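The block underneath contains the structure these notes are about, expressed in structure tokens.
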Amino acid sequence: MAFKILPLALVLLRMLAFQSSSRILQEASIQERHEQWMIQYGRVYKDPQEGEKRFNIFKQNVEYIESFNTDGNKPYKLGINQFADLTNEEFTTSRNRFKGYMFSSITRTPSFKYENVTDVPSSVDWREQGAVTPIKNQGECGCCWAFSAVAAIEGIIKLSTGELISLSEQELLDCDTDVDHGCEGGSMNDAFKFIIQNNGINSEANYPYKGIDGTCNANEDNHVATINGYEDVPANSEQALQNAVANHPVSVAIETSGSDFQFYQSGIFTGSCGTKLDHGVTVVGYGVSDDTEYWLVKNSWGIEWGEEGYIRIQRNVDAEEGLCGIAMRASYPTA
Ligand SMILES: *[C@@H]1O[C@H](CO)[C@@H](O)[C@H](O)[C@H]1NC(C)=O
């Protein structure tokens, strides 16, 4: 018997040795990938301690992303993007500063000009009509609200004047400071209100984005666009939201906490996410793909996140708030 057990023991030993060496190899390859990733995103850590901490977060994130993609039971994929060395908490606290949720008690005149619209197209993509500027990047400044409002204004200006002009988020950060708080957060409706009172807004070219709060340096002579009002889409109706988006881009607030949102790469996002609205984005279309209806959403995290900076979020879900609360606080400027 002994000579039969021996080969078996050898095989087992070899398997064990192989397993641990492959684990070491795996570790080394993640280290290599982290280094390549650092080069790709120009990341430098202040000391080896920080490097070690970031490597461990990176490793955890990579493992999560890869197991998510291998399990493959969701219609979307995750990717190792520029946020791969941040914990989910770090990620959400630095960027997502939609404040409307907290100050949402003011009720506004319930005028919704698309309430009786019945015949809307089955799909819309405002990029195809040239009503959407290229994806921007807010960086580590929680001014999603400014990017969301500006993208909606860029759309309505293009559709009413025929001209697509990239407009200034920085002017909102620096000058719209009574209610909104620059990188510390704000709301799209307050941005619309400010631009109406301000008699317009500068272009991105005139007043470029810096990603930090600064001193107001706006000159009314440089205003290139203005709006004359804004309206809320009736809350908790994806149908009402569709009626509005069929006419122009619409600012919405969503909840983006959770690693799946942080690392979203492609496909139709089906959650998980809740309805604690923390991020302002702009719906620039909608459609259907593989029998799943979606909202086409322009984000402001650069082109390396999501589908070249966009996300498709599942549309017409059971919850009246919409997925990630997309139908809860939608509004648009009028021109
Ligand atoms: C929608 O239809 C109702 C009923 O006919 C009407 O009272 C309301 O003014 C219409 N709304 C708009 C925005 O046209």
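Any of LYS53/LYS210; LYS46/LYS77; LYS276/LYS298; LYS136/LYS158; LYS136/LYS210 with alpha carbons more than 21 Å apart? Name them for me.
Correct reply: LYS53/LYS210; LYS46/LYS77.
Show me 45-53, 151-159, 203-211 ranked by packing, highest mean number of other Cβ atoms within 10 Å first.
Listed from highest to lowest mean packing, they are 151-159, 203-211, 45-53.
What does the convex hull of the Cα atoms come to per residue for region 137-203, in Å³?
74
According to a simple spin-label model (label point 7 Å from Cα along Cα-to-Cβ), what is the distance in nm between THR93 and ASP213?
The answer from the label model is 1.7 nm.
Quick one: the Cα spread of the chain along its three principal axes, in angstroms, biggest first?
91, 47, 36
If you take every DSSP beta bridge whose two residues both sit in the chain, what share of them, in percent to the nearest 5, is antiparallel?
Roughly 90 percent of the beta bridges in the chain run antiparallel, per DSSP.
Residue by residue, what Karplus-based ³J(HN,Hα) values in Hz, rounded to whole numbers, does region 153-168 have, using 6.51, -1.76 and 1.60 with θ = phi - 60° and x for Gly and Pro?
5, 3, x, 5, 5, 4, 6, 9, 10, x, 10, 9, 10, 6, 10, 8
Could you derive backbone 3J(HN,Hα) for region 260-274 from the dihedral phi with the Karplus parameters 6.51, -1.76 and 1.60 (θ = phi - 60°), listing whole Hz in sequence and x where the residue is Gly or Pro?
Rounded to whole hertz, the list is 5, 6, 4, 10, 3, 10, 6, x, 9, 6, 10, x, 8, 7, x.
Given a 1.4 Å probe and every protein chain left where it sits, what share in percent of the accessible area of region 88-334 is carbon and sulfur?
Answer for region 88-334: carbon and sulfur cover 44 percent of the accessible area.
Nearest 0.05, what FRET efficiency do ASP221 and VAL288 give at R0 = 41 Å with Cβ-Cβ as r?
Efficiency at R0 = 41 Å is approximately 0.35.
Compute the relative contact order of the chain as a whole-number percentage, counting only Cα pairs closer than 8 Å that sit 6 or more residues apart in sequence.
20
List the residues, sorted by chain then number, that are 5 or more residues from ASN202 or on another chain and whose placed amide H is less than 5 Å from its amide H.
Counting only residues 5 or more places away or on other chains, the set is SER168, VAL224.
Given H placed 1.01 Å from N in the peptide plane, which residues other than close sequence neighbours of ASN236 have an amide H under 5 Å from its amide H?
Here the answer is MET328, since their amide H atoms fall under 5 Å of that of ASN236.
What are the ³J(HN,Hα) couplings of region 316-330, residue after residue, when phi is run through the Karplus curve with 6.51, -1.76, 1.60 and θ = phi - 60°? Round to Hz, x for glycine and proline.
Residue by residue, region 316-330 yields 6, 8, 5, 5, 5, 5, x, 5, 6, x, 5, 9, 7, 9, 8 Hz.
Can you tell me the dipole magnitude for the chain around its Cα centre, using point charges on the Cβ only (Lys, Arg +1; Asp, Glu -1), in Debye to the nearest 20?
The dipole of the chain has a size of about 1020 debye.
Calculate, for the chain, the solvent-accessible area per residue in square angstrom, rolling a 1.4 angstrom probe over the heavy atoms of the protein chains.
49
The values are calculated or read from the model by the stated rules, or taken from the named source; none is laboratory data. Quick caveat, the model's predicted, so the values are computed rather than measured. Here Cβ is always computed from backbone atoms with ideal geometry, including for glycine, and neighbour counts include all displayed protein chains. Note: areas computed on protein heavy atoms with side chains; ligands, DNA, RNA excluded. Shrake-Rupley method; radii C 1.70, N 1.55, O 1.52, S 1.80 Å.
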